[in-house]
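Report on the structure given below.
The values are calculated or read from the model by the stated rules, or taken from the named source; none is laboratory data. Since the model is a prediction, treat every value here as computed from it, not as a measurement. Cβ coordinates were reconstructed from backbone atoms using ideal geometry, including for glycine residues, and neighbour counts include every protein chain displayed.
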Amino acid sequence: MNSTRANSTHRTAGFTLIETLVVLGIITVLVGISIPTLRGMREEARSTECRTTLREIGLALSAYRANINDRIPSCEPLPAVIGDETEGGLPEVLDGYLDKDCICWLCGADGDPESTVTGTSYLYVPGLLRYSPQIQIAVGQALIPYLENPDWNPTQLELIRRNIESRELMGVFVHQTGRRLPLLIDSQDRHPIGDLIPRNALFTDGSVAQMRETFSEMEDGG
């Protein structure tokens, strides 16, 4: 009788094949749920790191602007790659305020060699707008008196042109839609959130946020 009770206890403590399959099925479901969640947490951490680096660049940009009457730099949207070196762009302009080799110029989610070869993951929006007809016409008209004066050499004229561009660009960014128009944005879509891939952006007031509008949508909004 004692032997029968022991065998019964032994059978009760074990797992049947069906119970094992059920447990494995539950584990599989939990793993299937957790993997996307962990992936989302990793992407959000990288996006947060990106916004932190943008704030660091924003501090350097604010210090630079404080020395040029609160205007914004006039430079290329991205540095040009020449051989093994890069030239121009915001990293060169802010050199002295922020090291060109600072890790903050690269987004933590940027693993594209074609993007990072320029030394920065971020696109300087005024560098694009400086080529717009609105800016070029205004700069050309303001530059005429200087061009007619033979006392100005080419280097001085280039500096004057950049200063005029900087003034005209600042006029665009302090417009009523200026808060929505970013100074710096991710050069590529690299921060997925569900079906959206917003770009992190730095604005003229030093704030950093995720942009969920495209440039065309901003233009349609005024």
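Contact map, segment 148-168: first residue under 25 Å from Gly89 (Cβ atoms), second residue part of a helix (DSSP H, G or I) and β-branched (Val, Ile, Thr), Cβ cut-off under 8 Å, separation 6 or more or different chains; pairs are Arg161/Val139; Ile164/Val139; Glu165/Ile135; Glu165/Val139; Glu168/Ile135; Glu168/Val139. Of the candidates Ala13, Ala60, Ala45, the single residue that is out of contact with any Ser or Thr (no Cβ under 8 Å at 6 or more places or on another chain) and at pLDDT 90 or above is Ala60.
Restricting attention to segment 77-92, does a residue exist that is surrounded by 15 or more Cβ atoms within 10 Å (Cβ to Cβ), modelled with pLDDT of 90 or more and over 23 Å from Arg190 (Cα atoms)? Reasoning before the result, please.
Kept after step one, since they are surrounded by 15 or more Cβ atoms within 10 Å (Cβ to Cβ), are these residues of segment 77-92: 77-79, 86, 88-92.
From what's left, modelled with pLDDT of 90 or more: 77-79, 89-92.
From the residues that got through so far, the ones that are over 23 Å from Arg190 (Cα atoms) too are 92.
Yes, because at least one residue in segment 77-92 is surrounded by 15 or more Cβ atoms within 10 Å (Cβ to Cβ), modelled with pLDDT of 90 or more and over 23 Å from Arg190 (Cα atoms).
Pairing residues of segment 60-84 that are at negative phi with residues that are in a strand (DSSP E or B), at Cβ distances under 7 Å and at least 6 apart in sequence or on separate chains, gives Cys75/Tyr124; Pro77/Leu123; Pro77/Tyr124; Leu78/Leu123; Pro79/Thr86; Pro79/Glu87; Ala80/Thr86; Ala80/Glu87.
State whether one or more residues within segment 95-114 are among the acidic types (Asp, Glu), exposed (fewer than 14 other Cβ atoms within 10 Å of the Cβ), under 28 Å from Cys50 (Cβ atoms) and touching a residue at least 24 places away in the same chain (Cβ under 8 Å). Within segment 95-114, one or more residues are among the acidic types (Asp, Glu), exposed (fewer than 14 other Cβ atoms within 10 Å of the Cβ), under 28 Å from Cys50 (Cβ atoms) and touching a residue at least 24 places away in the same chain (Cβ under 8 Å).
Condition check ((1) closer than 14 Å to Cys50 by Cβ; (2) buried (at least 19 other Cβ atoms within 10 Å of the Cβ); (3) modelled with pLDDT of 85 or more) across all residues:
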position	(1), (2), (3)
Leu143	no, no, yes
Asn149	no, no, yes
Glu158	no, no, yes
Glu165	no, yes, yes
Leu169	no, yes, yes
Phe173	no, yes, no
Gln176	no, no, no
Arg179	no, no, no
Pro198	yes, no, no
